[in-house]
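Colleague: Just passing along the structure, written as structure tokens.
Derivation of every value follows stated rules applied to the coordinates shown; laboratory data play no part. If you're wondering where the values come from, they're calculated on a predicted model, not measured in any experiment. Every residue, glycine among them, receives a Cβ derived from its backbone with ideal geometry; neighbour counts consider all protein chains shown.
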Amino acid sequence: MTDKTMSADQAVARLESGMTLGIGGWGARRKPMALVRALLRTEVTDLTVVSYGGPDVGLLAAAGRIRKLVTAFVTLDSIPLEPHYRAVRESGAVELTEVDEAMFMWGLHAAANRLPFLPVRAGLGSDVLRVDGDLRTVTSPYADPSTGVREEFVAMPALRLDAALVHMNRADRLGNGQYLGPDPYFDDLFCEAADAAYVSCERIVDTADLVKEAAPQTLLLRRSSVTGVVETPNGAHFTSCAPDYGRDEAFQKLYATTGHAEFAERFLSGDEHAYQRAVQAWQKEGTP
């Protein structure tokens, strides 16, 4: 079995412009922000990003790295609409495919199973089919035994990914990943839908220790679907990574109310250690 540990910079060095990139987490919850920040230090651009979006999308969009976004929403949770994404979207700089949350999930399921699409009821009766002219419906080949009716479904296309970035509470060196919070956020599907998956985590532990800290069902990621493992303490900041830490609401407010260029100059001009030091310095200042 292979030791898959690497640095964040080594992980993003494997990404290329024009890729379709999936980013796990949910809104402002357990996002692989250290990997996103590492990606911003590269020249990679022209990305198609697939994400239940949060500040990952906001930062990449504001930096001009996203060509197309596939999403169900882009939010900071306590701030309903991610402001940097909103500015880019209103300017028309990013192409958007927006689908229902369940449609998004079934698109990942289809990709994980290497199917071209999966039928889903979500989206029927909504404007999703009108807004996205590429979506199609499919009629079941099987009639309902009680009515004789063949039901119509949305044919949600597979969300195949060239690469995925996700963040876990714990992982081992082989690529097994564990979440300790209340929700897996579909991170396993992101990894399984991708040709390569890079997992950051709060702490790398021995494989045996993964089942000592929590129940076996918290082992979300299998090593067979993981390409690389990156230890990044506080690597989801400023999003939450329960139970290790909550969302940094004060810093999130700063992010949301600061222009991208100013924010990047103050917090993103160096490596991850420089980012963490800059955040700590801001916190000590106690400034709004």
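Colleague: How large is log10 I(q)/I(0) at q = 0.16, 0.29 Å⁻¹ when the Debye formula is applied to the Cα atoms of segment 177-219, each weighted equally and without solvent?
Modeller: -0.46, -1.17
Colleague: What is the order of Asp271, Asp172, fewest Cβ neighbours within 10 Å to most?
Modeller: Ascending number of Cβ neighbours within 10 Å: Asp271, Asp172.
Colleague: Another question, then. Given a Förster distance of 30 angstrom, what is the FRET efficiency for Ser269 paired with Arg86, based on the Cβ-Cβ distance and rounded to 0.05?
Modeller: So, using R0 = 30 Å, E works out to roughly 0.80.
Colleague: Going by amide H atoms built from the backbone, whose H comes under 5 Å of the H on Val70, apart from near neighbours?
Modeller: Answer set, sorted by chain and number: Val49, Val50, Ser51, Thr97.
Colleague: Kindly write out, for segment 191-199 in residue order, the coupling ³J(HN,Hα) from the Karplus curve 6.51 cos²θ - 1.76 cosθ + 1.60 (θ = phi - 60°), rounded to whole Hz, with x marking Gly and Pro.
Modeller: 3J(HN,Hα) across segment 191-199, in whole Hz: 5, 6, 7, 9, 6, 8, 10, 10, 10.
Colleague: Can you list the equivalent-ellipsoid semi-axes of segment 20-77, largest first and in whole Å, using the square root of 5 times each Cα gyration tensor eigenvalue?
Modeller: Working through the eigenvalues yields semi-axes of 16, 13, 9 Å.
Colleague: Given Lys4/Lys253; Lys68/Lys253; Lys68/Lys284; Lys212/Lys284; Lys31/Lys212, which pairs have Cα atoms separated by over 30 Å?
Modeller: Distance filter (> 30 Å) returns Lys4/Lys253; Lys68/Lys284; Lys212/Lys284.
Colleague: Tell me the angle of helix 272-285 to the major Cα principal axis of the chain, expressed in degrees between 0 and 90 and rounded to the nearest ten.
Modeller: So the inclination is approximately 70 degrees.
Colleague: What does the highest-first list of 48-58, 253-263 look like by mean Cβ count within 10 Å?
Modeller: 48-58, 253-263
Colleague: Between segment 37-93 and segment 152-167, how many Å separate their Cα centres?
Modeller: 17
Colleague: Give me the Å³ per residue figure for the convex hull around the C-alpha atoms of the chain.
Modeller: Given the Cα convex hull of the chain, per-residue volume reads 145 Å³.
Colleague: To continue, here is another question. Which percentage, to the nearest 5, of the DSSP beta bridges contained in the chain is antiparallel?
Modeller: Around 30 percent antiparallel, to the nearest 5.
Colleague: Right, next: If you rank His167, His84 by fewest surrounding Cβ atoms within 10 Å, what's the result?
Modeller: With the sparsest Cβ surroundings first, the list reads His84, His167.
Colleague: Can you give the direction-averaged projected area of the convex hull of the alpha-carbon atoms in segment 1-160, in nm²?
Modeller: Result: a mean projected hull area of 12.3 nm².
Colleague: Run the helix sum for the chain: -39,500 (n - 2.57) per DSSP H stretch of 4+ residues, divided by residue count, reported at 222 nm to the nearest 500 deg cm²/dmol.
Modeller: -8500 deg cm²/dmol
Colleague: While we're on this one: If packing is taken as the mean number of other Cβ atoms within 10 Å per residue, what is the order of 11-22, 98-109, highest first?
Modeller: Final packing ranking: 98-109, 11-22.
Colleague: Given H placed 1.01 Å from N in the peptide plane, which residues other than close sequence neighbours of Thr45 have an amide H under 5 Å from its amide H?
Modeller: Here Ser17, Gly18 satisfy the definition.
Colleague: Now, a different point. Write down, largest first, the equivalent ellipsoid semi-axes of segment 117-157 in whole Å, where each equals the square root of 5 times an eigenvalue of the alpha-carbon gyration tensor.
Modeller: 22, 10, 7
Colleague: Another one. Taking the DSSP beta bridges in segment 2-157 as the whole, what percent of them are antiparallel, to the nearest 5?
Modeller: Among the beta bridges of segment 2-157, antiparallel pairing accounts for roughly 40 percent.
Colleague: Starting with the fewest neighbours, write out Glu43, Glu231, Glu249 ranked by other beta-carbon atoms found within 10 Å of each beta-carbon.
Modeller: So the residues, fewest neighbours to most, are Glu43, Glu249, Glu231.
Colleague: Can you give the relative contact order of segment 117-157 as a percent, counting alpha carbon pairs under 8 Å and 6+ residues apart?
Modeller: 52
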